[in-house]
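Peer 1: Pasting a structure here, questions to come.
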Amino acid sequence: MTQTITVIRGDGIGPEIMDATLHVLDTMDVGLQYEFADAGLVALEKHGELLPQATMDSIRKNRIALKSPLTTPVGEGFSSINVELRKRFDLYANVRPAKSFPNTKSRFPTGVDLITVRENTEGAYIGEGQTVSEDGEVAMLTQKVTRRGSERIVRYAFDLARKTGRKKVTVVHKANILKSTSGLFLKTARAVATEYPDIECNEMIVDNTCMQLVMRPEQFDIIVTTNLFGDIISDLCAGLVGGLGLAPGANIGTDAAIFEAVHGTAPDIAGQGKANPCALLLGAAQMLDHLGQPEKASRLRAAIIATLEAKDSLTPDLGGSGNTMSFAKAIAGRI
Ligand code: ATP
């Protein structure tokens, strides 16, 4: 069966890493067809808007998008196109795996294999009730957490544990201080956890979680948490395993899912063939899992690991002298 996905090549290094990723996917028998759509600076130049209706329609129709990084120019209406996409498609789960890889400049070349599941639609980042007093002395912000929002993200985390054979979900919170918002999240998480007796559930306060992640990251399997904590923790986890060049992410909702690299457009190296395609390739592996092709996803991850182990055609950020496409070809050759 063929599945059509929306492909957004993006800005900066986006087109380079997307071409590399599609080259690898094309060597696998994954039954994908690509519908290309524009967003970001390239869309603004071609169509006069950052997020054209045709792109929205394409994602709505195909329900799956693979997206490169986008530039959101200052003063063009959105604070961020990525945040706008999350809002418009109610992409409530931000799913960020962090795994140790060989031959990366990593603090933990082995032992880390965890996934952060971050609530994407509530909490401090939604911008509700933002005010600054006239004299500029006092700023306020409303943080909203709902039982429904908490329940669906925690359920997502437990279902993901079952689907991927993981054994433990850690609920990260600050309910001792943020008694209302974090309190509601924790209470809801406890109730959901009772429905999953086969999965161990533990609770951890966010500041302790940061310390534990740096000291003993191997104790974590799946972390589920609210928006702001998840944002910070997922970047911390990327830092544990070699930085943004290896960090993929998925934004998942009921009606659509968008898979991406976590890093930005890297304008400093754009157009030079220096970009590491691994983050987007790992995002593509998440997409294959989501599409019900876990064995293909595993093959792709194994080929990336084998290429890193062989130090074959690695990009300069990994200490190699290869380029984006030669690295991708080395990975494709191992599939
Ligand atoms: P943006 O404004 O889009 O966020 P940025 O340059 O501020 O772009 P990133 O794109 O995340 O932020 O880049 C941060 C640093 O990491 C840059 O020096 C960039 O070159 C490097 N970098 C990011 N992604 C990659 C990649 N895939 N391969 C190699 N280096 C990368």
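The values are calculated or read from the model by the stated rules, or taken from the named source; none is laboratory data. All values reported here derive from a predicted model rather than from experimental measurement. Glycine gets a Cβ as well: all are built from the backbone with ideal geometry, and neighbour counts include every protein chain shown.
Peer 1: Anything in region 280-321 that is among the small types (Gly, Ala, Ser), more than 17 Å from THR27 (Cα to Cα) and within 12 Å of the ligand (Cβ to nearest atom)? List them, or say none.
Peer 2: GLY319, GLY320
Peer 1: Sort out which residues of region 1-27 are more than 16 Å from the ligand (Cβ to nearest atom) and over 22 Å from THR315 (Cα atoms), and write them in order of number.
Peer 2: MET1, THR2, GLN3, THR4, ILE5, THR6, VAL7
Peer 1: Of everything in region 215-270, what is among the charged types (D, E, K, R), within 16 Å of the ligand (Cβ to nearest atom) and over 12 Å from the mean Cα position of the chain (by Cα)? Give them in sequence order.
Peer 2: ASP268
Peer 1: Out of ASN202, ASN208, report the one residue that is without any contact (Cβ under 8 Å) to a residue 60 or more places away in the chain, surrounded by fewer than 17 Cβ atoms within 10 Å (Cβ to Cβ) and touching a strand residue (DSSP E or B) at 6+ places or on another chain (Cβ under 6 Å).
Peer 2: ASN202
Peer 1: Among the residues that make up region 41-52, is at least one of them touching a residue at least 24 places away in the same chain (Cβ under 8 Å) and within 14 Å of ILE258 (Cα to Cα)?
Peer 2: Checking region 41-52: not a single residue is touching a residue at least 24 places away in the same chain (Cβ under 8 Å) and within 14 Å of ILE258 (Cα to Cα).
Peer 1: Taking the condition of being among the polar types (S, T, N, Q) and either surrounded by fewer than 17 Cβ atoms within 10 Å (Cβ to Cβ) or closer than 18 Å to LEU244 by Cα (or both), how many residues in region 280-306 meet it?
Peer 2: Of the residues in region 280-306, 2 are among the polar types (S, T, N, Q) and either surrounded by fewer than 17 Cβ atoms within 10 Å (Cβ to Cβ) or closer than 18 Å to LEU244 by Cα (or both).
Peer 1: A further question follows. Of everything in region 29-83, what is surrounded by fewer than 18 Cβ atoms within 10 Å (Cβ to Cβ), closer than 22 Å to GLY283 by Cα and polar (S, T, N, Q)? Give them in sequence order.
Peer 2: Once the filter is applied, which keeps residues that are surrounded by fewer than 18 Cβ atoms within 10 Å (Cβ to Cβ), closer than 22 Å to GLY283 by Cα and polar (S, T, N, Q), region 29-83 yields GLN33, SER80.
Peer 1: Just to be sure I understand, how many residues within region 13-23 are under 19 Å from VAL262 (Cα atoms) and surrounded by fewer than 24 Cβ atoms within 10 Å (Cβ to Cβ)?
Peer 2: The number of residues fulfilling the criteria is 3.
Peer 1: If you check every pair at least six apart or on different chains, which have Cβ atoms under 6 Å apart with a residue in region 262-274 that is over 29 Å from ILE233 (Cβ atoms) first and a residue that is more than 9 Å from the ligand (Cβ to nearest atom) and of a type outside the set (Asp, Glu) second?
Peer 2: Cβ pairs passing all conditions: GLY273/ASN323.
Peer 1: Does region 33-46 include one or more residues that are under 26 Å from ALA157 (Cβ atoms) and either outside any loop (DSSP other than H, G, I, E, B) or in the same structural domain as ALA261 (by TED's automatic domain parsing) (or both)?
Peer 2: Checked against the condition, which is being under 26 Å from ALA157 (Cβ atoms) and either outside any loop (DSSP other than H, G, I, E, B) or in the same structural domain as ALA261 (by TED's automatic domain parsing) (or both), region 33-46 yields no hits at all.
Peer 1: Restricting to region 255-271, name every residue that is β-branched (Val, Ile, Thr) and modelled with pLDDT of 95 or more.
Peer 2: Correct list: ILE258, THR265, ILE269.
Peer 1: Quick one: how many residues across region 112-134 are surrounded by fewer than 14 Cβ atoms within 10 Å (Cβ to Cβ) and not charged (D, E, K, R)?
Peer 2: Residues that pass the stated criteria total 6.
Peer 1: Using the structure shown, decide if ASP19 is in the same structural domain as PRO69 (by TED's automatic domain parsing) and assigned to a loop (DSSP other than H, G, I, E, B).
Peer 2: Taking the combined requirement at face value, the residue does not satisfy it.
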